[in-house]
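Below is one structure, written out as structure tokens; the observations come after it.
What follows draws every value from the coordinates through simple rules; no lab data is involved. Remember, it's a predicted structure, so these values are computed and weren't measured experimentally. Neighbour counts run over all protein chains shown; Cβ positions are idealised from the backbone, glycine included.
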Amino acid sequence: MHKSDTPRNSWWLLGLLGVLAFTRVRSKFSMPLQQPIDSVNPKTHGRDENNSANNFMPLAPKIPPSNANSVNSCECCHHKSPWWKILLDVLTFLAAATAAGAAIHYAKISNGMWYQMQIQTGIAKDQLEQSERPWIEILDVKPRGNTTPIGGLSFQKIGPYKSEPDIRVQANIQVEVTFRNIGHSVADVSPDAELFMPQFSPSEYWNRINAEEQHFCGSREMKQPQQTVFPNENQPSIWDSGLSSPIRPENISHVPDGTGITPALIVCVSYRHKGLPSLYQTRAVYDISRLGSGTRIFEPGKCDLQIVAGNPNFIFCEGEVPAELLKFDRNTMGDDAY
């Protein structure tokens, strides 16, 4: 409601109460007149009545004669209120209407002031939180592991599965995420990452990565913090992890450089002000390529490499690339923090 609506409502209320007061005053002047007793028509007797009634002497009437001026006295003063009493009623109603309008007006003003105070309190609380909260900055993400066939980027034989018979190989990668707290409070931190392999398309490649980043990082729930990070520590914090992702037919790209996967790395670092419920997050995306040539196509080869003899769960494939031959390029379009 706009501020200009309040005076309109007050005048409307005063007008309504004025109409009620006028109706009451008018009723004072419109009281019904009483009919005098002697104005009632006498009862007419029938012709067949007993004529013997004429033989009796008429009784003297005991009803006192009516005053000829009684009608005029009823009309003039008996049912009228004094003018000063009518004026007092009108003034009373006007005072009550004014008081009611003022009470409503000030109630609206008080409610508006309370609402503004709530807004200002929320703003002050947010400003305090923003000035005192922790902030996690992702410094770098690097590949790790130079031992073949499991270091860096590798391929492992899996499946086939009844639900997905086309899955026969999964891609593995070893990463090291470095971050620090540049805020003013201690943070409980829970990093996470995904090896994503979209099918390459010059027009849709980034859109697919961006959509997956929103889905993967947006569904993160920080149930248990993995690290406690203090603000402005001399040494950054490090999180090492191994990631795996099954290779499906829709993950295979066919480009002039060859046929295979075009992997990207999505990193999400979720954190909280220690002991408080608000959840924050920092995100980053890295494109993966071969060091030197810059080729982004990686193709698994023949799967017959056994690490543990006789154990079918650890059969790797050719085509692995050690960490020292991999390059991670940060895609700034994927940077986000809140």
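Data for the structure
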| quantity | calculated |
| --- | --- |
| Label-point separation in nm, LYS142 to LEU91, each point 7 Å along Cα→Cβ | 9.4 nm |
| Potential lengthening between PHE230 and ILE307 on full extension [0.36 nm per residue; Cα-Cα distance subtracted] | 23.7 nm |
| Dipole of region 133-337, positive end: most advanced residue of PHE155, ASN181, ILE297 [Cβ charges, Cα centre] | ASN181 |
| Region 133-337 - charge dipole about Cα centre, Lys and Arg +1 at Cβ, Asp and Glu -1, debye rounded to 20 | 320 debye |
| Radius ratio Rg over Rh of region 133-337, counting only Cα atoms, Kirkwood formula for Rh | 1.00 |
| Taking PHE216, PHE316 and counting other C-beta atoms within 10 Å, the order from fewest to most | PHE216, PHE316 |
| Per-pair calculated FRET efficiency, R0 = 56 Å: SER241 and ILE119 via Cβ, rounded to 0.05 | 0.80 |
| By average C-beta atoms within 10 angstrom, highest first, the peptides 166-178, 191-203 | 166-178, 191-203 |
| Least to most buried among VAL269, VAL321 (fewest other Cβ within 10 Å first) | VAL321, VAL269 |
| Footprinting exposure proxy for LYS157, LYS85, LYS108 (fewest neighbouring C-beta atoms within 10 Å first) | LYS85, LYS108, LYS157 |
